[in-house]
1. Can we say residue 261 is in a strand (DSSP E or B), over 25 Å from residue 158 (Cβ atoms) and open to solvent by 80 Å² or more (accessible area, probe 1.4 Å)?
2. Could you grab me the full set of residues in segment 210-220 that are of a type in the set (A, V, I, L, M, F, W, C) and open to solvent by 60 Å² or more (accessible area, probe 1.4 Å)?
3. Does segment 241-256 hold any residues that are open to solvent by 80 Å² or more (accessible area, probe 1.4 Å) and in contact (Cβ under 8 Å) with a residue 12 or more places away in the chain, and which are they?
4. Which of (1) open to solvent by 30 Å² or more (accessible area, probe 1.4 Å); (2) closer than 27 Å to residue 263 by Cα is the odd one out, the single condition residue 193 does not satisfy?
Amino acid sequence: MHRAAWLLLLAAMPLAAAHAEQTPAQQAPDARPLDAAFSEEAETRLFAPIPHWDATPSCDPDLDTPGFMAPMRHKGGRTVGNGLARPQIDAVPIRRGLNPASSPFPAATERAVGIKLGAERLSLSTAIVTGQGGWQRNDTRVDWNVTRGSGGDSQVVWSAATGGQLQTTGAAAQNAQAVLGYRLRPLDIVTLTTEIALAGSYTFAAQNGLATTMTPRVKAVADLTQPLSMPWRTTLDLNVGREMPLSGSAFLTSASALLRLELPMP
């Protein structure tokens with residue numbers, strides 16, 4: 001019995017060794033280890049292309065332009081203002097009576113240099129004024145004026161102004177003026193304006209005090225460019241007024257005519 005068992009063991013040992021010496025290529029394809037399958041799947045997920053979304057360009061220029069580059073934009077039929085935007089202010093230098101002495105035109109009674117800020121609706125001007133000749137201390141003063149007016153297209157025209165002057169050797173003065181008028185066009189080339197102006201001034205001195213005047217005026221502006229068929233713009237301005245003091249009898253009548261020729265530049 002013992003001899004038969006040993007013979008059976010010796011016969012089974014070569015079969016076990018042959019089965020253990022099989023190569024991995026001879027094994028079944030489904031017999032891969034679990035760790036190898038897991039590492040392959042993880043590598044595929046790691047290096048897979050990342051999906052991305054391409055934004056289509058906007059057709060609205062208001063959305064594509066930054067706010068600081070477009071301070072005034074129209075959205076929904078209304079204008080949107082930007083806090084960084086600043087209104088444009090026109091500056092005009094004041095230069096009066098500084099022509100050479102050899103000029104054929106009559107000499108001005110005073111000289112002035114300064115600056116005017118703003119357009120027709122609202123303007124602020126200031127200037128240093130002196131008499132004709134050298135800059136003498138006894139005839140030098142500082143003027144300032146603030147004017148507020150209506151639009152140029154309306155039929156009813158009005159304006160209000162206030163100002164003053166500060167003299168180096170003398171009393172300071174304060175003035176105010178209000179104008180109310182009506183504009184109409186009897187002809188296509190003629191604009192007629194009738195207005196009345198109330199003005200008052202006060203000098204800070206006991207001997208002068210308050211002075212007020214009322215001045216009715218009539219202005220006519222004729223555009224003669226088309227009737228005369230000229231290459232430049234021709235305008236004729238006529239102005240007639242009568243100044244009447246509210247206290248006193250010193251009436252003053254004034255009239256002026258100005259022909260302007262403007263050549264448009266390309």
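1. yes
2. Answer for segment 210-220, where residues must be of a type in the set (A, V, I, L, M, F, W, C) and open to solvent by 60 Å² or more (accessible area, probe 1.4 Å): 210, 218.
3. Scanning segment 241-256 gives 242, 246, 247, 253, 255.
4. (1)
The values are calculated or read from the model by the stated rules, or taken from the named source; none is laboratory data. What you are looking at is a predicted structure, and each value in this text was computed from that prediction instead of being measured. Don't worry about glycine lacking a Cβ; one is built from the backbone with ideal geometry, like all the others, and counts go over all protein chains shown. Calculation scope for accessible area: heavy atoms of the full protein, side chains included, ligands and nucleic acids excluded. Shrake-Rupley method; radii C 1.70, N 1.55, O 1.52, S 1.80 Å.
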